[in-house]
Amino acid sequence: MSEIVVKIICFILLTFLYTYMIKKMLNSNIKICNKKNLLILGGLILISEITHTAEYMIEAVIIRFISYIIVFKIIFDESIYKSTFLFTLVMILNSLGDILSASILMNIYSLEEIRNEPNIMILSNVLSIISTYIIFNIKYINNKLKLILNNHNNNNIISLIIICVSIFLLMACILYNIGDIFEFNMSYFINVMVVITFMIILIIFFIDNNKYQELQKENDSLFKYIQTFEDSIDKINLNNHEFKNEIIVLRSYIKENKKNKALNIIDDIILEYKKNDSHIINSLKNIPKGGIKGLLYYKFIVATNNRLKVTIDISKSIKGKLKSLDIEDIKLICNLIGIYLDNAIEASSKSKNKLLGIEMYSIDNKIEFVFSNTFAEEKIDIDKLSKNGYTTKGKNHGRGLYLAKKLVEKTEWINAETKIINKMYVQKIII
């Protein structure tokens, strides 16, 4: 078998391993084996073949590194910094696979044989790929990688890129030293220990960073809740003040024997009470406890504080179906509802009529959540709304609907539809 054919086979295997790892970390449903993606990956394999040399060259590795980042950005529709972050994690795991396979093969073959003998070259690469695959699919490592990925945010973009590039360059230099030594001696042992120590430090860093990001998310959510309920407390205090005034007026009417006027005030108080809290509680009675009811109640308070006219229609048929969902499914649905209602409330508050509708019903054994809202008189491109960074709200917006799209894409049992009907923006979740 010729050396060129061997290298192409090796790069095909390696490219599809990297693609599989990134796809799994993203929980993506994107089809890799379609014409477009296969052509892109084919071009990547060609670049890898052209830049490959028998001697380890950091420059060639950097070219391949950049090429992979660009390709995975295109295939998975992710930002360039997230693609950099993802591929760096993949390269680190592959480096560990390389070290493991090299430690086995160096007992049997020389470095010259591994780099130049086609059959041994295939064996070396297959062993490295298998080692990387096994390391990646260790449950603890896989879960930690997903956690690291989910907890990154846009605020630390520069630090993440610097960290990723630094990690890559350091790993490339260490692996160059290991490849240059390629025999069991003290220098080889020291380099391997540097890699292991560096990996431990890296894991500790990411674990601490994850804890910080999770804590920050909890604090942000808590702060939002506090702000909303502070507004509610102010509203309650205002209502109490008005109620006291009404009691004083009632007392004076009763003292003056003006029964009819007193009864009219009492009727107005009862009517106002029915229009407020009792209305939302009654509207949500068909939703079982577990998260969705509390979220909708909270969003209702936010909407009323924004002076929106909210209508709620919840069918009785959904109660049993929602009870059958487990806690993780409920969390995912709550994430989507939160994103869609936040957008609906913000858009409606800027519109003339300020209408917000919430419906939940069951059709053909499926639950449908429908959120409809008015919006400002401006052209909305529905096809672009779920793209990363696209927004009609201004700077530092445009991530919510993109994240919702990603959540839907990676979950087979959830679908989402977006329409504009009679000048109302309608968002539907189907489960």
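The values are calculated or read from the model by the stated rules, or taken from the named source; none is laboratory data. Everything numeric here is computed off the predicted structure, so don't read it as measured data. Note: ideal-geometry Cβ built from the backbone for every residue, glycine included; neighbour counts use all protein chains shown. Just so you know, the surface numbers come from the protein's heavy atoms only, side chains and all, with ligands and any DNA or RNA stripped out. Shrake-Rupley method; radii C 1.70, N 1.55, O 1.52, S 1.80 Å.
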Check: At a Förster radius of 30 Å, what calculated FRET efficiency corresponds to the Cβ-Cβ distance of Ile414 and Ile130, to the nearest 0.05?
Finding: 0.30
Note to self: Using 18 Å as the Cα-Cα cut-off, could you pick out the over-long pairs in Lys350/Lys406; Lys36/Lys73; Lys293/Lys323?
What the structure shows: Lys350/Lys406
Notebook entry, point to check: Could you give me the ³J(HN,Hα) list for the stretch 416-431, computed from phi with Karplus coefficients 6.51, -1.76, 1.60 and θ = phi - 60°, whole Hz, x at Gly and Pro?
Noted result: 9, 10, 10, 9, 10, 10, 6, 6, 10, 7, 10, 10, 10, 10, 10, 10
Checklist line | In order through the stretch 335-349: 3J(HN,Hα) via Karplus (6.51 cos²θ - 1.76 cosθ + 1.60), integer Hz, x for Gly, Pro | finding: 4, 5, 4, x, 5, 5, 6, 4, 5, 5, 5, 5, 5, 5, 5
Next item on the list: Could you order Asp77, Asp268 by accessible surface area, starting with the largest, using a probe radius of 1.4 Å?
Entry: Asp268, Asp77
